[in-house]
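Remarks on the structure that follows.
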Amino acid sequence: MEQVIKTISEWVWSPALVVICLMAGLYFSIGTRFVQVRRFREMARLLFAKDKSRNTGVSSFQAFSVYVDTLLVCTATAVVIWAIGDTGVGAMAWINVIAILLLSPKAFKALKSYERQKKEGKEPVFNPEEIGVKEAVYWDKYNSENLS
């Protein structure tokens, strides 16, 4: 399960997805022949028209909405993806800061144990029980294999 999540995460946050989204925005802009640029003058005319009695089939709000939607959706895709990426990186940074703060007492105990063993002239060995780490199965197995 962990590998599946890692694979999906690597795919979602990959530069390939950014390129795909940018290409999709460009594709739709070209497909609509850059309607967001072509119809800007018409949108502005309808939006600021003084004579509202003419029935053109498109209200000023509809023209404005179409312009804003096409402009923002077609051109802001990269900005949105970048913001999502920044949010993820920021969250990971805070998680790392919290982990460092929570693990620093154990790290200092391990450092003191290392320095004490060096001072005694021994080859330093990590002993998880000495610093209060419980159920460190890997280190128990590693120490029993390598110290025997």
Problem - Matching residues in segment 90-113 - criterion: being loosely packed, with under 11 Cβ neighbours inside 10 Å and either aromatic (Phe, Trp, Tyr) or under 15 Å from the mean Cα position of the chain (by Cα) (or both) - result: Gly90, Ala91, Met92, Ala93, Trp94, Ile95, Asn96
Practice task
Give segment 115-148 a look and list any residue that's in contact (Cβ under 8 Å) with a residue 12 or more places away in the chain, surrounded by 11 or more Cβ atoms within 10 Å (Cβ to Cβ) and part of a helix (DSSP H, G or I), or say none.
Solution key: Pro128, Glu130, Ile131, Trp139, Asp140, Asn143
Handout entry: Members of segment 38-79 found to be surrounded by 14 or more Cβ atoms within 10 Å (Cβ to Cβ), within 23 Å of Val19 (Cβ to Cβ) and either aliphatic (A, V, I, L, M) or at pLDDT 70 or above (or both), listed by number
Key = Thr70, Leu71, Val73, Thr77
Handout entry: Test for Ala63: is it in contact with a helix residue (DSSP H, G or I) (Cβ under 8 Å, 6 or more places away or on another chain) and not β-branched (Val, Ile, Thr)
Key = yes
Problem - Number of positions in segment 8-41 that are within 22 Å of Ala83 (Cβ to Cβ) and of a type in the set (Val, Ile, Thr) - result: 5
Practice task
Taking Lys112 as the residue in question, decide whether it is in a helix (DSSP H, G or I), over 30 Å from Ser29 (Cα atoms) and touching a residue at least 24 places away in the same chain (Cβ under 8 Å).
Solution key: no
Exercise for the section: Specify which of the listed residues (Val97, Val89) is part of a helix (DSSP H, G or I), over 30 Å from Arg45 (Cβ atoms) and modelled with pLDDT of 90 or more. Expected result: Val97
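The values are calculated or read from the model by the stated rules, or taken from the named source; none is laboratory data. Since the structure is predicted, the reported quantities are computational estimates derived from the model, not experimental observations. Note that we place each Cβ from the backbone using ideal geometry, even for glycine, and neighbour counts take in every protein chain shown.
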